[in-house]
Structures are given as structure tokens and as C-alpha cells.
1. Looking at region 9-29, which of its residues are modelled with pLDDT of 90 or more and open to solvent by less than 30 Å² (accessible area, probe 1.4 Å)?
2. Please indicate, with yes or no, whether at least one residue in region 80-98 is touching a residue at least 12 places away in the same chain (Cβ under 8 Å), under 14 Å from the mean Cα position of the chain (by Cα) and assigned to a helix (DSSP H, G or I).
3. Considering only residues of region 56-75 that are of a type outside the set (Gly, Ala, Ser) and in a loop (DSSP other than H, G, I, E, B), which is surrounded by the fewest Cβ atoms within 10 Å (Cβ to Cβ)?
4. Of (1) in contact with a Gly (Cβ under 7 Å, 6 or more places away or on another chain); (2) at pLDDT 95 or above, Pro201 satisfies all except one. Which?
5. Filtering region 134-155 down to residues that are part of a loop (DSSP other than H, G, I, E, B) and within 20 Å of Tyr199 (Cβ to Cβ), which residue is most open to solvent (accessible area, probe 1.4 Å)?
6. In region 276-293, what count of residues is obtained for those that are touching a His at 6+ places or on another chain (Cβ under 7 Å) and within 20 Å of His239 (Cα to Cα)?
7. Please specify each residue of region 101-143 satisfying the condition of being in contact (Cβ under 8 Å) with a residue 12 or more places away in the chain and among the acidic types (Asp, Glu).
8. For region 246-273, which positions are in a loop (DSSP other than H, G, I, E, B) and buried (at least 17 other Cβ atoms within 10 Å of the Cβ)?
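The values are calculated or read from the model by the stated rules, or taken from the named source; none is laboratory data. Just so we're clear, the structure is a prediction, and the values are computed from it rather than from any experiment. We place every Cβ from the backbone using ideal geometry, glycine too, and count neighbours over all the protein chains shown. These accessible areas exclude ligands, DNA and RNA; they are computed on the full protein's heavy atoms, side chains included. Shrake-Rupley method; radii C 1.70, N 1.55, O 1.52, S 1.80 Å.
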Amino acid sequence: MQQSAGGRPPHPRSVLLAEVAQATQRLADAGVPSPRFDAEELAAFVHGVKRGELHNVADADFDARYWEAVARREAREPLQHITGRAFFRYLELQVGPGVFVPRPETESVVGWAIDAVRAMDVVEPLIVDLCTGSGAIALALAQEVPRSRVHAVELDEAALTWARKNVEGSRVVLHHGNALTALPELDGQVDLLVSNPPYIPLTEWEYVAPEARDHDPELALFSGEDGLDTIRGIERTAHRLLRPGGVVVIEHADTQGGQVPWIFTEERGWADAADHPDLNNRPRFATARRATP
């Protein structure tokens, strides 16, 4: 038997870690963007441990259902649909078929929004999240701005079901409604309006990753020929809901950098319209302030 430098036999590699290595290669061959992470996350989910604890799973405890999960991910089913959970900032959310899976790039949108609302020095800021989906943005704001009053709006019934599960027990008030006509009772009172709306051009359908194209609801993805139809509508909603000096924060595609701020023009009652990068330094969201009369 081969000996280690100290004269002891080397620690045998566990069955699970060997299987994870094989799964990583399978997922990489299938074009999965983060094969190692996904293989480990699936192993942790199936075996009921954290990713950093995989080496502690005894060989006798290896669960063959791991390969069922890997096959689903290999077919480009979203990782979060398989595990039933998505992590967003400090939250663990329930997700599955029928709801848009929150993306890491949206965390930078929320971070900017939190800084903006804190800078307002409002005791109990009134916040609206349009196109809330799973409720990720609304819940993050409610959690990280403790005295905020947060309203979330979602049109799709299936997504609303997931949002209800996630906001249960929180301070978020969930509304079933259209982002373009929502919450007239709050007109002129809102301090911050934030949205991650649909923004993919219909012409880009074939280029969308299979995880999104085949599993996220179309209502959460596509918005007209240039992808900006919903954002144009939300601009009017934001102007209606925000108080003078209130701020809008709206996510867009990195290819739309420079286009969205031009929707929030001075002529339409806005000031300080600007674009901002995500963590990869790609233009990711636009902001504007409702002008004071």
C-alpha cells in the first residue's frame, strides 16, 4: 500500500466526492455555466449537509438519488427548481416552476436601493416593488431597512403563489395586480420604487439560456421588440406613485445600458437619471429622481 510522507496510508477519497467529480464533468459537457458549484450544491441538497461538509458523508450513506438530480440539471433544469430554494442576499427563498428565479446580479440593484433609501433619512420609508416574482427584492428591503413599509405587486398567479409562501410572516404587503396600474391609493406618497421587470427583446428568444427560456415564465422575461415596453410603462407608474424627490431603481439588460435613462427625461418630470454597473461592471440598472415642482 502506498504510504504518505508520515508513514500513514493516505486518507481514501470518499465515494461522494468521487461522484461529485464525475457529475462536474457531466454538467460541464452539458454546457452548465457553473458545473462544480452545481454538482456540489446538488450533493449537499440530496444528502442534507452543507457544501463544506460533503467530505463528512460516509460512503455507506451515499444516496443514488444524487444521480437523478444531476440528470435533471444536465437537461438544463434550473438548479433552484431541483432544490426548491434560491439564495438572495441574506434570504433563502422558496422557488419552483412558475416563478422567476432571482439572479445574483439583482443583488447589486437592491444594494443601491438600500443605500438610497437610508440616505433619505425618512423614519418609516414607503417602498414599492413592482413585478416582485418570488418576492426577493421586497423581502430584502424589508429585512435590511427595518422600519420600512414595503408593498410588492405581481400579476402572474403562479408567481404570486410562490411570493405568498416567501412573504408569510414578514412585513411585506403583497398585491395581485398589474405594475402599470397598481396601488393608486399610494399615489404621490412612495419614497422608493424598485423593479426587476421583463426586459428581454422578443427577437432575442433563441439566445436566452435554456434555464430561463424553458423554465422561467415568459411574462417575467420578454417585453416587446426592444425589451423596453414594460420599463416604459413603469416609468409612468413610478412618476405617479413617487413623491417629489422619490427615487426609482429599475433593472435592465446589460445590452440596454444608456437606453433606459433616456426614458426618464426631464421633460417627463425626472432628474438625475443615470445608469449603474453590476458586480461584473456591466450596465445593469438605471435610477432617477422624481423632480420637485
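1. Residues satisfying the conditions are Leu16, Val20, Ala23, Thr24, Leu27.
2. The answer is yes; a qualifying residue exists.
3. If we take residues in region 56-75 being of a type outside the set (Gly, Ala, Ser) and in a loop (DSSP other than H, G, I, E, B), then Asp63 is surrounded by the fewest Cβ atoms within 10 Å (Cβ to Cβ).
4. Going through the list (1) in contact with a Gly (Cβ under 7 Å, 6 or more places away or on another chain); (2) at pLDDT 95 or above, Pro201 breaks only (2).
5. Per the stated criteria, the residue is Leu155.
6. 4
7. Answer for region 101-143, where residues must be in contact (Cβ under 8 Å) with a residue 12 or more places away in the chain and among the acidic types (Asp, Glu): Glu105, Glu107, Glu124, Asp129.
8. Matches in region 246-273: His252, Ala253, Gly257, Gln259, Phe264, Gly269.
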